[in-house]
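Read through the structure below, which is laid out as structure tokens, and then see the notes.
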Amino acid sequence: MITLAILLTIAPVAAYVVIVAFLNRWKALSAGLAIAASGTSLAISLWLLWSMIGNPTPVHDAIQWLHIPQIGGFRGLDLVAGVLVDPLSALMASIVSLVAFLVMVYSVGYMKGDEGFSRYFAYLSLFTFSMLGLVVSDNYFMTFVFWELVGLSSYLLIGFWRLKDAPAEASKKAFVTNRWGDFGFMIGIILLFMVFGTFDYGALARMIPQYSHLGFLALIAVLVFTGPMGKSAQFPFHVWLPDAMEGPTPVSALIHAATMVAAGVYLVARAFVLFHAVPNVMELIAWIGGFTAIFAALIALVQKDIKRILAYSTLSQLGYMFLALGSGSMSAGMFHLTTHAFFKALLFLGSGSVIHALGQQDIFKMGGLSKKMPITTWTFVIGALSLGGLFPLAGFWSKDEILLSALKDGQVALYWIGVVTAFLTAFYMFRLIFTAFFGKAASENAAERELGAATMAHQDHGTGHGDDGHGHQAHESPATMTVPLIILAVLSVVGGLVGSPWWTQWFGGSFGSFIYFGEPEAAHIDLAVAIPATIVALLGITLAWVIYGAKLVKHEWLAEKLKPLHSLLEHKFYIDEFYGFVFKWVMFLLGTILDWIDHKVIDGTFDGLGAATKAGGGKLRLIQTGKLQSYALFIFGAVAIVVIMLSTNLIGGFAK
Amino acid sequence: MIGLAHYLVLAGLLFCIGLLGAVAKRNAIAVFMGVELMLNSVNINLVAFNRFLHPEFLGGQAFAIFVIVVAAAEVSVGLAIILALYRRKANTSVDEIDLLKW
């Protein structure tokens, strides 16, 4: 089983190496190889999941990677490369490889004609390898290595159309913001090692509950949590995720919806024993999650770009996951991660289908797409309903679990934040749907032929995309793109049933008894939580219909009436401007000052020493006049001094 | 009476005057005159020590004769050098001979 787990991760990286080394010109072969590799990973991870369901004991193996023995006061270092297969990692591996496989199949259609086609599949394979490696690693250090690799793959993929400004800037922003989080994460890991002497999850799980300095443990937990804050884009490290939409849409679906941003959630689940030992940090996590959820949902209300809306939606749902984890329920958090992967990937791929057809991303320039793109529309609606949490779709069960866990932990405020966010979620998603898919076509290219070069001057498509000659009019996408949509739609509908009480009745056990911390959690519907959540979601949908569907109230009128609030939300609460200010006036200023010190003071000192030596030498050389008389004078002077020194005894000795 | 000290002081003064001439004069012949003066002051010193400290021992006076001989030889060689230089440069200023440097 361990060999299989290793093969699971190696297959994609082998594909990456082969594509990069040999296959750059043969596009079909690159795509085929990448899909085959991720298909292999998918098969293996499903098999692992199946065997974990049958027999949930963890399987673990490791080899020594670097060993520094104990020397004097240095306690020694043991770096291990290990693989851990247990229910959590098997589940996560299955999700990752499934979404990766579907995204790769989808990309065959989406990226057709792009000149970086092979490079794209190489990077996707690299990402799949990094993510799967992160999932199966058994110690913090290896997780960190793959964490960084995932960040790198994200950088490469966001900046895929690297010859344009916006993707290049966005990829840098993503990488740097991630780095902030990774820095704290690294320090946390190092502190863990300093205190416990090991990086291994299993060993730490035994040692941490017995450790008594809770204050220090809380510091470590907070530091380790900054990693997920950066990777999963929680406030205040959320700024990179909306900009990351500059990458190709399948990349957004894979990385920034289903998998990489979920790596933070996965890490918190893996390290749950650490967080569980310090309840204050758990509460902090829950509050950060809850705040991010509502914060992002508010911003999503006024966005016009279809991908930005989905990006903020992702931020919001990640906030929900952390809310669940912080409330002590690993099952609820991981369950929502699973269902979110399905419906968010579906929504992103659906939006990609729309963008591929229309060539632009502004929802107010779309409209009436349901007639021309039925599969896309109805799978999108299913995804949105699932996201909103309507019974009996997948999102309902997971959102219900989250709200229930918040209540059980006593966090009533967070529960209400969750409910309000559910309302906002339903509202903005259906705002999107009513504006983009129903109603009248708002611009020419939603209905008629493309207008030529003007429509090609837009951000999402790269160099080769418009040249395939089919014109940017609304049309249904090819089968390679619609089949993944349908598969994900089916999963969004039935995926949540594993957490429902009926599953327990039919099969015994449920999601909560497969993935849990401490004790298995039974799946049940608590009507006191389910009914308000559903009502609130339906209210959101109705309000969206009122404003955007039937247009009983014009949204421009509302925007005018609530202008200050609207512009605050439209500018994303001015966080980007604030960060820009801080960077310019704090960081760059500090950098300029230090640069001045380096150039003028430090270099000046050493250059000054050299100049002083030169000047001194210039003056000293004048002693050599070449005139014999001065030389004779010096000789006489020296002789006089020597004679006096030698005759010290005779003329009275040294002074007492 | 005139004792050893007087002669030594005289010799010292002459030595200093000679040193001044050797070091500070621009004309080469004047430098030579200074050097001769220094040598002769040493002669006075030697003879004075001989007369006042060890009158029966003639070493000092003999040494003085040696010094006179050496001075004569040195003058002949020196004047030859100066003549050679004078033919080169047409003036006797020692300031002009300053090639003994980098």
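Observations, loosely collected:
- Computed label-point distance, nm, for sites residue A:633 and residue A:650 using a 7 Å Cα→Cβ extension: 2.8 nm
- 3J(HN,Hα) along segment A:69-81, derived from phi through the Karplus expression 6.51 cos²θ - 1.76 cosθ + 1.60 where θ = phi - 60°, amounts to x, 6, 10, x, x, 7, 6, x, 9, 10, 9, 10, 9 Hz, with x in place of Gly and Pro.
- Value of [θ]222 nm, deg cm²/dmol, for chain B, DSSP H segments ≥ 4, -39500 (n - 2.57) each, nearest 500: -27000 deg cm²/dmol
- Against chain A, whose longest principal axis comes from its Cα atoms, helix A:412-436 is set at around 70 degrees.
- For segment A:533-641, the set of GluC sites (Glu not before Pro) satisfying both a DSSP loop assignment and a count of at most 15 other C-beta atoms within 10 Å is empty.
- For chain A, calculated [θ]222 nm from helices alone, where every DSSP H run of n ≥ 4 adds -39500 (n - 2.57): -22000 deg cm²/dmol
- Dipole check for chain A: with +1 at the C-beta of Lys and Arg, -1 at the C-beta of Asp and Glu, and the Cα centre as origin, the magnitude is about 1320 Debye.
- Neighbouring partner chain Cβ atoms per residue of B:20-28, average, 10 Å criterion: 2
- Burial ordering of A:590, A:219, A:157, fewest other beta-carbon atoms within 10 Å first: A:590, A:219, A:157
- Taking Cβ atoms as reference points and 14 Å as the exclusive limit, the residues near residue A:497 contribute a net charge of -2, counting Lys and Arg as +1 and Asp and Glu as -1.
- Per residue, the convex hull spanned by the Cα atoms of segment A:300-421 amounts to 92 cubic angstrom.
- As a length-normalised measure over Cα pairs under 8 Å and 6 or more apart, the relative contact order of segment A:347-405 settles at 24 percent.
- With contacts taken as Cα pairs under 8 Å and at least 6 residues apart, segment A:63-119 reaches a relative contact order of 21 percent.
- Fully extending the segment from residue A:542 to residue A:203, taken as 0.36 nm per residue of separation minus the present Cα-Cα distance, adds 116.8 nm.
- Mean Cβ neighbour count within 10 Å, used as a protection proxy, ranking A:259-267, B:73-81, A:361-369, A:488-496 highest first: A:259-267, A:488-496, A:361-369, B:73-81
- Spatial separation of Cα centroids for segment A:349-373 and segment A:109-174, in angstrom: 26 Å
- Distance-filtered residues of segment A:590-604 - backbone nitrogen under 18 Å, label point 7 angstrom along residue A:611 Cα→Cβ: A:596-604
- Sequence-separation-based contact order of chain A, relative, with Cα cut under 8 Å and 6+ spacing, percent: 12 percent
- Pairs from A:408/A:551; A:399/A:572; A:231/A:600; A:231/A:371; A:408/A:572 whose Cα-Cα separation, in the structure shown, is over 29 Å: A:408/A:551; A:231/A:600; A:231/A:371; A:408/A:572
- On Cα atoms only, tilt of A:628-646 relative to the major axis of chain A in degrees: 80 degrees
- Computed over the alpha carbons of the protein assembly as shown, Rg followed by Dmax gives 44.7, 147 Å.
- Between 0 and 90 degrees, the angle of helix A:140-158 with respect to the longest Cα principal axis of chain A falls at about 70 degrees.
- Highest average first, the peptides A:93-103, A:24-34 ordered by how many other beta carbon atoms sit within 10 Å of their residues are A:93-103, A:24-34.
- Within segment A:284-337, trypsin sites (Lys or Arg not before Pro) in DSSP loop having at most 15 other beta-carbon neighbours inside 10 Å: A:304
- Mean partner shielding of peptide A:624-635, defined as the number of other chain Cβ atoms within 10 Å of each residue Cβ, is 5.
- A viscosity of 1.567 mPa s and a temperature of 4 °C, combined with the Kirkwood radius over Cα pairs in Stokes-Einstein, give a translational diffusion coefficient for segment B:4-96 of 90 µm²/s.
A short reminder: the numbers here are calculations on the coordinates, not readings from a lab. Keep in mind that this is a model prediction, so the values were computed, not measured. Every residue, glycine as well, gets a Cβ built from its backbone with ideal geometry; the counts of neighbours run over all protein chains shown.
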